[in-house]
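Step one of this worksheet: look at the structure below.
The values are calculated or read from the model by the stated rules, or taken from the named source; none is laboratory data. Computed from a prediction, not measured in an experiment: that's the story for all the values here. So basically every Cβ, Gly included, is an ideal-geometry build from the backbone, and we count neighbours across all protein chains shown. Note: accessible area is taken over every heavy atom of the protein model, side chains too, but ligands, DNA and RNA are not part of it. Shrake-Rupley method; radii C 1.70, N 1.55, O 1.52, S 1.80 Å.
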Amino acid sequence: MFKKFITGVLTAMVTFSTVFCPVNAEAEDNINAKSAELDKLAYSGDDLGAAYTPQKTTFKVWSPTASEVKLNLYKTGSDDEDGAEKIADSAMNYDKTNGVWSITVEGDIKNTYYTYSVTNDGVTNEVVDIYAKAAGVNGNRGMVVDLSHTNPENWSQDKRVLPEKQTEAIVWEVHVRDFSNQKESGISREHSGKYLAFTEDGTALEGCDTTPTGLAYLKKLGVTHVQINPFYDFGSIDETKPNGEEYNWGYDPKNYNVPEGSYSTNPYDGNVRINEVKQMVQALHNAGIGVIMDVVYNHTYTLDDSYFNLTVPNYYYRFNEDGSPANNSGCGNDTASERAMYSKFMVDSVYYWASEYHIDGFRFDLMGLHDVDTMKKIREKLNTIDKRIIMYGEAWDLGYVEGVDLAVQKNISKIDGVAAFNDGIRDAIKGDNFEAVGKGYVQGKGGTVGIEDGVMAATKQWAETPADTVTYVSCHDNMTFYDKLTASVLGTKDPSLYRKRNEQLVQMNKLGAACVLTSQGMSFMLAGEEMARSKDGDHNSYVSSPTLNQIDWQCLEKYGDLTAYYKGLIDLRKSYAPFTDDTKTTIDNMTVFKNTDTKVLGFMMTNKLTADTQWDKVICIFNANTDKNVEVQLEGENLPENWVVVVNNVSAGVEKLKEIEGTKVTVPSTSAMVLVDKESFEKANIKADTDFQQTLIENTAHEAATQLSTVGEKRLAKRGKDHKALKIAGIVAGTAAGVAAVAAGAVVLKKKKGKKRK
Ligand code: CA
């Protein structure tokens, strides 16, 4: 589908540094046939790369096409560094039975940088080992590494954070640099944009020590996993100038098994980035948060001079019949997972990250370009570590590949333990993902079918069970959710509106969040979606400025009520097992209300999993009418007559907001309502810590009150009152403190000033 193709293009944003010419004329007719021949020489050993011991290091590289391969050893990762020196170049020995070139170097050569000079068709190129585990600056030389010396303290006690079921994961997608780029984040400037920013605990918004940021914030929010945008070594950022205005999402892989250097505090020493990624993972694990790595095996930074292509020309890529490189990724150089040695590479690479770095899950970029068998092999290999390691990806159907069964949505149920993003609910909630102005359900467009299908995790379409599905409304691609709401409701003419608080949009955002977090399937959100993150309407910010891309942590004081709402929905989701059912049991027992308004969706779930300890019946109702409250008749077998409201248009969580007698409820415009049958509500007596929500709401009310008494002061004097500031303050006044803040205005401000402000 065109739509999905565009998704791919936008996801796989790459800056091309080479022109993608068809390969040489002689090869055009038979590239694929040649590659199939090379498959017969596939090597199955697990020792490709540099196998280090203090006594000796053995280097092995597969290249059945090469006429000569030499090993080069260097003192440094580049010639521009002090002490740069070439130590040796030695011819490697070829084993014609398996296509492997090898050499053993005696003695302890750890921290020695290396490359191979590979001669193919009479042309010699210096390449980095595709199996290199460490590299120098900009990934231009590999490095022999003693991995045991890269481990942080207590690394052997580090434990993965894995859900019992994939559907229990609630994923927050973040870019390393975005996380800590903002000065006001309170995260040290020394670690700004670095892996180590994730190791700083106890940080708070500058000037407000009760609003946590960074790791401390994530612990409070309650997401179970972070998905981190690419942090293997990518090519687009000059690692010698890591903190400049140059910015990239990193979907341009250069060395797959090496961490990116620009996020490390020292990109020159190959050990440092490895150690710092491990510290990041360890800190997140200690905080109870798992790490999902965004992996991009579907294309490389470049084609002609990629290390794959210079080692074994053409073999690792797909080509069209006319000899031109396949381009279903939109990046000009689709890799060929169906090739024996690329399939093996993917399996080995994922396994390496999972085992060496204790990674908890993998998100596969454009997974729909990979073959089903390779995805199955990766799953099987990860199962040898732990079956609970998470796997999902973009299963977009980007085009046919001759003779290859691709890991697209319709095939996803063939691959146990691998889920696919559900673009159906994404677009149903907010409108067309690729258009700024198109509206969706929450903006009042109506149409509950797409939402209902999403609640059921696409099991009426391509998914077999909710375990096949990732439910979401926004990710790094395309506009942020709040930007999309702004553009579609208020238009795109005034860019200043993107970062302006608008109560109607906040309500739409809350409704969208409720749709996602009460749906079946794994939950997923872009970092900051829960604080109305904006990129000023930029729908493809992959090379935009770091400032535009960064998380604006000050939004926690502007939209704290929204964040509190997300936090409450997360608590809700964790408190009722049917939300995270990985079978179809809950769906099969679900009652979807039939007699509702056309813009209202209501459904009742019955707990067939944990009714003895948790709630029995839960009803979710969404009213997308922007202009009217709707009275909804509850439906379902054995319908209880007494209900407890735990989510309404203002608050979300597991606490009682209100009781309802009977089977009719009124749901306000643009809002969700979640009800629990009173009997099981009281029996289960589920509690959640609401302190964080209170703090967020208080601080936001306080901030609004500040505006009321300072920024709005002049207008207040002029017009008698400031409608806007009052309205903001009123909306966020969900708690006693909030009400007090609004009522008392400047009095509260004055009282709290010394306490709250640094
Ligand atoms: Ca790099």
Worksheet item: Could you count how many residues in region 272-284 are more than 16 Å from the ligand (Cβ to nearest atom) and either open to solvent by 10 Å² or more (accessible area, probe 1.4 Å) or among the small types (Gly, Ala, Ser) (or both)?
Response: 4
Discussion item. With the structure loaded, tell me whether Gly186 is farther than 23 Å from His358 by Cα, touching a strand residue (DSSP E or B) at 6+ places or on another chain (Cβ under 7 Å) and open to solvent by 20 Å² or more (accessible area, probe 1.4 Å) or whether it fails that test.
Written reply: yes
Worksheet item: Among (1) at pLDDT 95 or above; (2) charged (D, E, K, R); (3) open to solvent by 30 Å² or more (accessible area, probe 1.4 Å), which single condition is Glu698 missing?
Response: (1)
Discussion item. Can you find a residue that is out of contact with any Cys (no Cβ under 8 Å at 6 or more places or on another chain), in a helix (DSSP H, G or I) and either buried (at least 21 other Cβ atoms within 10 Å of the Cβ) or assigned by TED's automatic domain parsing to the domain that holds Pro668 (or both) anywhere in region 391-399?
Written reply: no
Discussion item. Part of a loop (DSSP other than H, G, I, E, B) and on the phi < 0 side of the Ramachandran plot: is that true of Ser496 in this structure?
Written reply: no
Worksheet item: Do the conditions hold for Tyr315, that is, is it assigned to a loop (DSSP other than H, G, I, E, B), over 20 Å from the mean Cα position of the chain (by Cα) and at pLDDT 95 or above?
Response: yes
Discussion item. On the basis of being closer than 28 Å to Tyr472 by Cβ, of a type outside the set (Lys, Arg), more than 12 Å from the ligand (Cβ to nearest atom) and open to solvent by less than 10 Å² (accessible area, probe 1.4 Å), does Asn257 make the cut?
Written reply: no
Practice prompt. Would you be able to say whether some residue in region 305-317 is within 15 Å of the ligand (Cβ to nearest atom) and surrounded by 22 or more Cβ atoms within 10 Å (Cβ to Cβ)?
Written response: yes
Worksheet entry | Candidates Asp238, Asp233 - the one that is surrounded by 23 or more Cβ atoms within 10 Å (Cβ to Cβ), within 13 Å of the ligand (Cβ to nearest atom) and modelled with pLDDT of 95 or more | Asp233
Worksheet, complete the sentence: Residue set Ser349, Ser329; condition in a helix (DSSP H, G or I) and small (Gly, Ala, Ser); output residue Ser349
Item to complete: Quick one: in region 640-652, of everything that is buried (at least 23 other Cβ atoms within 10 Å of the Cβ) and closer than 20 Å to Gln507 by Cα, which residue is nearest to the chain's Cα centre (by Cα)?
Response: Ala652
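Here is a yes/no grid of residues against (1) among the aromatic types (Phe, Trp, Tyr); (2) in contact with a helix residue (DSSP H, G or I) (Cβ under 7 Å, 6 or more places away or on another chain); (3) closer than 28 Å to Ala463 by Cβ:
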residue: Pro495; (1), (2), (3): no, no, no
residue: Lys500; (1), (2), (3): no, no, no
residue: Glu503; (1), (2), (3): no, yes, no
residue: Gln507; (1), (2), (3): no, no, no
residue: Thr518; (1), (2), (3): no, yes, yes
residue: Ser523; (1), (2), (3): no, yes, yes
residue: Ser534; (1), (2), (3): no, yes, no
Worksheet item: Hey, among Thr265, Thr211, which residue is at pLDDT 95 or above, surrounded by 23 or more Cβ atoms within 10 Å (Cβ to Cβ) and more than 14 Å from the ligand (Cβ to nearest atom)?
Response: Thr211
Worksheet, complete the sentence: Here the residues within region 133-166 that are open to solvent by 60 Å² or more (accessible area, probe 1.4 Å), away from the ligand (no atom under 16 Å from the Cβ) and of a type in the set (D, E, K, R) are Glu153, Lys159, Arg160, Glu164
